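Below you'll find the structure, written out as structure tokens, and then a few comments.
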Amino acid sequence: MAILTCTCFSTTLKQNVTFNAVVPTPEGNEQVTDQQTKSRADGDGFPVIYLLHGAYGSYASWSRFSNIERYAQQYGVVLIMASAENSFYQDMAHGNPYFTFFTEELPTLVKHLFPVTHQREKTYVAGFSMGGYGAWFLALSRPDLYGKAAAMSGALDIVATYEQGKQGVIDSPFPWENVFADPEHLAGSKADLFALYEADRAKGCVPALYHACGRSDFLYGMNKAVHERLVSMGADVPFVEGEGGHEWDYWDRTIREILPWLCEG
């Protein structure tokens, strides 16, 4: 596989940005030989997964702490990993416009640089913790771009996350007033995943969603409540529980279960 660290100037963020890309090699896990020349990408290019980090993380998190590069080769997908600070992947009220960067500038750049698909059905987004929320947020906000989105240990109820952080129930490193213009009124806003889901369903374009959380995770109760609420709304979203907490052992194990779901069909 090819593993690249790319640095370029972002006109959206008005600064230099660095992101990691993993591109699988044709046939073969370790090397390409004259017997292994058939590309695993179809004529449209490789499927692509945008992998999102959690709070305190960066573009390097997935490569440093998981075996995701090996899994990319196994499943024949391109991985793109970029940084978003502690922004919840929003166009921040007082800060950088990360939503615009991730949904407009970065995909355009990736399509110019790498042999990736241009099809929505083969473009995916996945993440953990803040990035779990981010994966669903990006996909539900732009269902025209992403066919599937997977959240692991996600802070999926943004209203509850804000309230619990304010009360000190959970660790909250987020600059809420910088991220959201009015964090006291997130319910029903463009940041509310439930409102976004309803809007997508009304338009008849809902990305497929995957939902996973470890039973020892401090966000397990929130995730279970989110799933119950989505089911009550008529959503068909699998909720996969497993052993583990808010930790890389769980995320590394779970992304291996998510990859076949992302790449099937």
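The values are calculated or read from the model by the stated rules, or taken from the named source; none is laboratory data. In this text, all values refer to a predicted model and were calculated from it rather than measured experimentally. Every residue, glycine among them, receives a Cβ derived from its backbone with ideal geometry; neighbour counts consider all protein chains shown. When the accessible area is computed, the model is the full protein with side chains, heavy atoms only, and any ligands, DNA or RNA have been set aside. Shrake-Rupley method; radii C 1.70, N 1.55, O 1.52, S 1.80 Å.
Miscellaneous remarks
- Based on C-alpha pairs under 8 angstrom that are at least 6 apart in sequence, the chain has a relative contact order of 17 percent.
- Counting only aspartates and glutamates at least 8 places from Lys111 when in the same chain, those with an alpha carbon closer than 13 Å to its own are Asp44.
- Total charge dipole magnitude, the chain, about the Cα centre, Cβ charges on Lys, Arg, Asp, Glu only, Debye to nearest 20: 360 debye
- Within a Gaussian network of the chain (alpha carbon springs, distance under 10 Å), most fluctuating of Ser63, Ser129, Ser153: Ser63
- Inverse mean reciprocal Cα-Cα distance (Kirkwood Rh) of the chain, Å: 18.7 Å
- Under 30 Å from Lys224, Cα to Cα: lysines that are on another chain or at least 8 residues apart: Lys122, Lys148, Lys166, Lys190, Lys203
- Ranked by solvent-accessible area (1.4 Å probe, protein heavy atoms only, all chains present), the residues Phe128, Phe9 order from largest to smallest as Phe9, Phe128.
- Bins of 10 Å, starting at 0 and running to the largest distance - Cα pair percent for segment 128-238: 15, 49, 32, 4
- Largest to smallest in accessible area, the residues Arg120, Arg253, Arg70, Arg64 fall in the order Arg64, Arg70, Arg253, Arg120 (1.4 Å probe, all protein chains included).
- Our summary gives segment 128-265 a relative contact order of 27 percent, counting only alpha carbon pairs under 8 angstrom and 6 or more residues apart.
- Heavy-atom accessible area, probed at 1.4 angstrom with all protein chains present, ranks His53, His185, His112 as His112, His185, His53, highest first.
- Nearest-10 value in Å² for the accessible area of Asp182, using the 1.4 Å probe: 70 Å²
- A 1.4 Å probe, protein heavy atoms only, puts the accessible area of Tyr124 near 0 Å².
- Rounded accessible area per residue of the chain, 1.4 Å, Å²: 43 Å²
- Element breakdown for the chain at a 1.4 angstrom probe: carbon and sulfur atoms account for 50% of the accessible area.
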